[in-house]
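Step one of this worksheet: look at the structure below.
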Amino acid sequence: MKSSKPVFLLVALVCAGLLGFAMYLQIVEEMQPCPLCVIQRYMFVLVGIFALIGAGLPAGARRGSAALGLLAALGGAGTAIWHLYVKAHPGVSCTTDPLETALNQLPTAKLLPQMFTADGFCSAPWPPVFGLQIPTWSLIWFAVLAVVLAVQAFKRAPRTTIWK
């Protein structure tokens, strides 16, 4: 059986790259993240952490880490879908509510405020990135990562036979 360790490392690398791009958009392009953006960042962090844990585990134990990463990716996809709904329905708001306050009080927001503090508006009309809205890109990446992790989580272990 081929090792799945490179797959897990690639998933972690993709998550790190996406978080780096989010920081670029925030710092260079001055696009402040809204609460839903911050939740998606947390989900990418979780997917990346579970992927790194999976890469460090023995081959037989990687399925559990892949399943947890899959759950985080599905949670991120759900958040991205809700974010797209909010953008399509300007009357729906996600800011100045308990969600923003709660997110900004988390220890990670205090430790890494640049990454995890929600200051923007979910319905802000930011320009598209390569023709798509940012939540659309998040949804695409969460879907790709979910498929990759689902394959790893549900991959059948090879049967061992003992020949007499």
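The values are calculated or read from the model by the stated rules, or taken from the named source; none is laboratory data. Since we're looking at a predicted model, the values are computed, not measured. Don't worry about glycine lacking a Cβ; one is built from the backbone with ideal geometry, like all the others, and counts go over all protein chains shown. Ligands, DNA and RNA are excluded from the accessible area calculation, which covers all protein heavy atoms including side chains. Shrake-Rupley method; radii C 1.70, N 1.55, O 1.52, S 1.80 Å.
Amide H contacts for Val129 (H built 1.01 Å from N in the peptide plane; partners 5 or more residues away or on another chain; cut-off under 5 Å): Ile134.
Here the 3J(HN,Hα) profile of region 4-19, calculated from phi with Karplus coefficients 6.51, -1.76 and 1.60 at θ = phi - 60°, is 9, 4, x, 5, 5, 5, 5, 4, 5, 5, 4, 4, 5, x, 5, 5 Hz, Gly and Pro shown as x.
Here the simple spin-label model places points 7 Å from the Cα toward Cβ, and for Ala143 and Phe130 these points are separated by 1.4 nm.
What's the extension gain from Ile81 to Val28 if we count 0.36 nm per residue and subtract their Cα-Cα distance?
Details: separation 53, 0.36 × 53 = 19.08 nm, distance 2.58 nm.
Roughly 16.5 nm would be gained on extension.
Over region 10-53, with the other protein chains present, what is the accessible area per residue in square angstrom, probe 1.4 angstrom? Can you show the working numbers first?
Numbers: 1870 Å² over 44 residues.
Value returned for region 10-53: 43 Å² of accessible area per residue.
Approximating the spin labels as points 7 Å out from Cα along Cα→Cβ, the Asp119-to-Ile49 distance works out to 2.4 nm.
Packing-based ranking of 67-77, 21-31 yields 67-77, 21-31, ordered from highest to lowest mean Cβ neighbour count within 10 Å. How far apart, in nm, are the 7 Å Cα→Cβ label points at Gln105 and Leu57? Label-label distance for Gln105 and Leu57, simple model: 3.4 nm. Solvent exposure of Val129, expressed as accessible area, is near 20 Å², computed with a probe of 1.4 Å over the protein chains only.
Across region 65-72, coupling constants 3J(HN,Hα) worked out from phi with the 6.51/-1.76/1.60 Karplus curve, θ = phi - 60°, read 5, 5, 5, 5, x, 4, 4, 5 Hz, and Gly and Pro carry x. Given R0 = 45 Å, the distance between the Cβ atoms of His89 and Leu9 translates into a calculated FRET efficiency of 0.70.
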